[in-house]
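Remarks on the structure that follows.
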Amino acid sequence: MKDNSTLLVTGGAGFIGSNFIIYWLNKYPESKIINLDSLTYAGNLSSLKTVEDNPNYTFIEGNITNSELVDKIMDDVDVVVHFAAESHVDRSILDPGIFLETNVLGTHVLLASALKNKIDRFHHISTDEVFGSLELGNPNSKFSESTAYDPRSPYSASKASSDHLVRAYGETYGLNYTITNCSNNYGELQYPEKFIPLAITNLMEGKKIPVYGDGLQVRDWLYVQDHCDAIDRVLHSDKSQETYVVGGLTKEVPNIEIVKMIVEIMGKDETQIEYVKDRAGHDRRYSVDWSKINKELGWKPTVSFEEGLKKTIEWYQLNQEWWKPLKIDSKDFFAKNYD
Ligand code: NAD
Ligand code: DAU
């Protein structure tokens, strides 16, 4: 792709989308970004203050399911980078319908419009959760590009459907697409409903950290800046109709060990940790084999979990005005989820 391309970024007011927009405009100041976001509870324009006056950045408040609006915007676009989604597993358990609307139907609207407008590349951001759950205790079993799909929550089922639709548009109509299935991102600007920012902000508020079930579940933690670099490499490669799985630089750390690390770094004590009712259908373990993107595009994660966690804690300590209102906005969800 050319460095002065116009990108349509969907969901750019969310966690990864806003990190990506800031990263991209810093690195490619000649490119243009249109950010289409409907500003759900998870969309936050205050995350984008550093770019809002950039003449190469345009924000459009709108829904990806609105085909008329999407068609109008797509006219000037070279590349689509599709982040917009309902992204929280616990919310999908309480209310799955909106996950199908946004993640499945919304992706379809974007694909149809991208095809009609002959865009150069459709890059779809997906998740390792489409592959289901790995057993604990077998460090050699990992997700790769050839792992069979086996989604187990309404969220992951909706993301799996969207991946299938993207590939169907590639195979059937020749749409030029790429997909990345990445593991759990963490870092600055993440909504404080997700495990790591929830733990950090609860401690700062003097509340307990809720650990689901036995706390032995394992995730593959990816620092969000490393994820932005992976997307950059995929967009700049001439690959098409390709999928890459993307994961972090992490030993297998169970959830309970993560909260103990957070408690220690923040100088609190372990009485702040509370075991609570398990998540329904809770996936046991995720682990990603990122050797394909490493071999083909030279990408590898660079930030260790210890380093990334310290940076993340520091960011939440310094940016209380960013997350405090969000915890208040979501108090009904928290009450329902942790009843
Ligand atoms: P997020 O929930 O923080 O942000 C989602 C953004 O999409 C918000 O700004 C929201 O307003 C917007 N949005 C939601 N519905 C919309 C709609 N109908 N129309 C327009 N905008 C809409 O999500 P995130 O954590 O930044 O995740 C971004 C993408 O990455 C998602 O597709 C998610 O499935 C995927 N992903 C996330 C992770 C992770 O760990 N966070 C890991 C793997 C994949
Ligand atoms: O793997 C990629 C996925 O990672 C993304 O596709 C999703 O969008 C993203 O939300 C994330 O899903 P998880 O369910 O893995 O992330 P979450 O932060 O919700 O939970 C991480 C782990 O922590 C998981 O094992 C559940 C556990 N947990 C979570 C919360 C919110 C707790 O023990 N207590 C909690 O309160």
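The values are calculated or read from the model by the stated rules, or taken from the named source; none is laboratory data. Because the structure is predicted, anything quoted here is derived from the model rather than measured. Glycine also receives a Cβ, built like all others from the backbone with ideal geometry; neighbour counts cover every protein chain displayed. Surface accessibility is based on the protein's heavy atoms, side chains included, excluding ligands, DNA and RNA. Shrake-Rupley method; radii C 1.70, N 1.55, O 1.52, S 1.80 Å.
Looking at region 89-97, can you tell me whether even one residue there is aliphatic (A, V, I, L, M), within 28 Å of Trp221 (Cβ to Cβ), under 14 Å from the mean Cα position of the chain (by Cα) and within 7 Å of ligand 1 (Cβ to nearest atom)? Before you say what the answer is, go through the steps one by one.
Restricting attention to region 89-97, the residues satisfying the condition of being aliphatic (A, V, I, L, M) are 89, 93-94.
Next, from what is left, pick out any that are within 28 Å of Trp221 (Cβ to Cβ): 89, 93-94.
Still in the running and under 14 Å from the mean Cα position of the chain (by Cα): 89.
After this cut, where a residue has to be within 7 Å of ligand 1 (Cβ to nearest atom) as well, the list is none.
There is no residue in region 89-97 that is aliphatic (A, V, I, L, M), within 28 Å of Trp221 (Cβ to Cβ), under 14 Å from the mean Cα position of the chain (by Cα) and within 7 Å of ligand 1 (Cβ to nearest atom).
Would you point out which residue out of Ser46, Ser18, Ser31 is open to solvent by 40 Å² or more (accessible area, probe 1.4 Å) and at pLDDT 95 or above?
Values: Ser18 fails: open to solvent by 40 Å² or more (accessible area, probe 1.4 Å); Ser31 fails: open to solvent by 40 Å² or more (accessible area, probe 1.4 Å).
Step by step, each of Ser46, Ser18, Ser31 is checked, and only Ser46 is open to solvent by 40 Å² or more (accessible area, probe 1.4 Å) and at pLDDT 95 or above.
Out of the residues in region 273-294 meeting the condition of being among the hydroxyl-bearing types (Ser, Thr, Tyr) and open to solvent by 40 Å² or more (accessible area, probe 1.4 Å), tell me which one is nearest to Cys182 (Cα to Cα). Before you say what the answer is, go through the steps one by one.
Filtering region 273-294 for residues among the hydroxyl-bearing types (Ser, Thr, Tyr) gives 275, 286-287, 291.
Now narrow it down to the ones that are open to solvent by 40 Å² or more (accessible area, probe 1.4 Å): 275, 291.
On the way: Tyr275: 28, Ser291: 13 Å.
Applying the filter and picking the extreme gives Ser291.
Applying the selection to region 217-233, what residues are closer than 15 Å to Val81 by Cα and within 14 Å of ligand 1 (Cβ to nearest atom)?
Once the filter is applied, which keeps residues that are closer than 15 Å to Val81 by Cα and within 14 Å of ligand 1 (Cβ to nearest atom), region 217-233 yields His227, Cys228, Ala230, Ile231.
Please pick out the residue among Glu270, Glu188 that is farther than 30 Å from His82 by Cβ, open to solvent by 60 Å² or more (accessible area, probe 1.4 Å) and not basic (Lys, Arg). Steps first, please.
Details: Glu188 fails: farther than 30 Å from His82 by Cβ.
Exactly one residue qualifies, and that residue is Glu270.
Can you go through Asp150, Asp163, Asp120 and tell me which one is more than 26 Å from Asn44 (Cβ to Cβ), away from ligand 2 (no atom under 11 Å from the Cβ), modelled with pLDDT of 95 or more and within 18 Å of the chain's Cα centre (by Cα)? Talk me through it step by step, then tell me what you get.
Working: Asp150 fails: within 18 Å of the chain's Cα centre (by Cα); Asp120 fails: within 18 Å of the chain's Cα centre (by Cα).
It is Asp163.
For region 88-196, list the strands (runs of 3 or more DSSP E) that sit wholly inside it and hold at least 3 residues that are touching a helix residue (DSSP H, G or I) at 6+ places or on another chain (Cβ under 8 Å) and within 26 Å of Val70 (Cα to Cα); which are they?
Numbers: elements: 121-127, 177-182, 184-186.
Of the strands (runs of 3 or more DSSP E) lying wholly inside region 88-196, those with at least 3 residues that are touching a helix residue (DSSP H, G or I) at 6+ places or on another chain (Cβ under 8 Å) and within 26 Å of Val70 (Cα to Cα) span 121-127, 177-182.
Can you tell me which residue in region 1-45 is nearest to Asn103 (Cα to Cα), limited to those that are of a type in the set (Ser, Thr, Tyr) and away from ligand 2 (no atom under 16 Å from the Cβ)? Spell out the reasoning first.
Pass one, region 1-45, residues of a type in the set (Ser, Thr, Tyr): 5-6, 10, 18, 23, 28, 31, 38, 40-41.
Then keep just the ones that are away from ligand 2 (no atom under 16 Å from the Cβ); that gives 5-6, 23, 28, 31, 38.
On the way: Ser5: 26, Thr6: 23, Tyr23: 24, Tyr28: 29, Ser31: 27, Ser38: 13 Å.
If we take residues in region 1-45 being of a type in the set (Ser, Thr, Tyr) and away from ligand 2 (no atom under 16 Å from the Cβ), then Ser38 is nearest to Asn103 (Cα to Cα).
Looking only at region 195-216, how many residues end up being touching a residue at least 40 places away in the same chain (Cβ under 8 Å), open to solvent by less than 40 Å² (accessible area, probe 1.4 Å), within 16 Å of ligand 1 (Cβ to nearest atom) and not polar (S, T, N, Q)?
Qualifying residue count, region 195-216: 4.
Is one or more of the residues making up region 314-324 within 16 Å of ligand 2 (Cβ to nearest atom), in a helix (DSSP H, G or I), free of Cβ contacts under 8 Å to residues at least 12 places away in the same chain and surrounded by fewer than 13 Cβ atoms within 10 Å (Cβ to Cβ)?
Within region 314-324, the subset within 16 Å of ligand 2 (Cβ to nearest atom) is 316, 323.
Adding the requirement that they be in a helix (DSSP H, G or I) leaves 316, 323.
Then drop every residue that is not free of Cβ contacts under 8 Å to residues at least 12 places away in the same chain, which leaves none.
No, region 314-324 contains no residue that is within 16 Å of ligand 2 (Cβ to nearest atom), in a helix (DSSP H, G or I), free of Cβ contacts under 8 Å to residues at least 12 places away in the same chain and surrounded by fewer than 13 Cβ atoms within 10 Å (Cβ to Cβ).
Being within 13 Å of ligand 2 (Cβ to nearest atom), aromatic (Phe, Trp, Tyr) and surrounded by 22 or more Cβ atoms within 10 Å (Cβ to Cβ), is that true of even one residue in region 170-178?
Just the residues of region 170-178 that are within 13 Å of ligand 2 (Cβ to nearest atom), to begin with: none.
No, because not a single residue in region 170-178 is within 13 Å of ligand 2 (Cβ to nearest atom), aromatic (Phe, Trp, Tyr) and surrounded by 22 or more Cβ atoms within 10 Å (Cβ to Cβ).
Do we find that Ser87 is farther than 25 Å from Asn117 by Cβ, crowded, with 17+ Cβ neighbours inside 10 Å, small (Gly, Ala, Ser) and touching a strand residue (DSSP E or B) at 6+ places or on another chain (Cβ under 9 Å) in this structure? Quick ask: steps written out before the conclusion?
Details: farther than 25 Å from Asn117 by Cβ: yes; crowded, with 17+ Cβ neighbours inside 10 Å: yes; small (Gly, Ala, Ser): yes; touching a strand residue (DSSP E or B) at 6+ places or on another chain (Cβ under 9 Å): yes.
Spelling it out, Ser87 is indeed farther than 25 Å from Asn117 by Cβ, crowded, with 17+ Cβ neighbours inside 10 Å, small (Gly, Ala, Ser) and touching a strand residue (DSSP E or B) at 6+ places or on another chain (Cβ under 9 Å).
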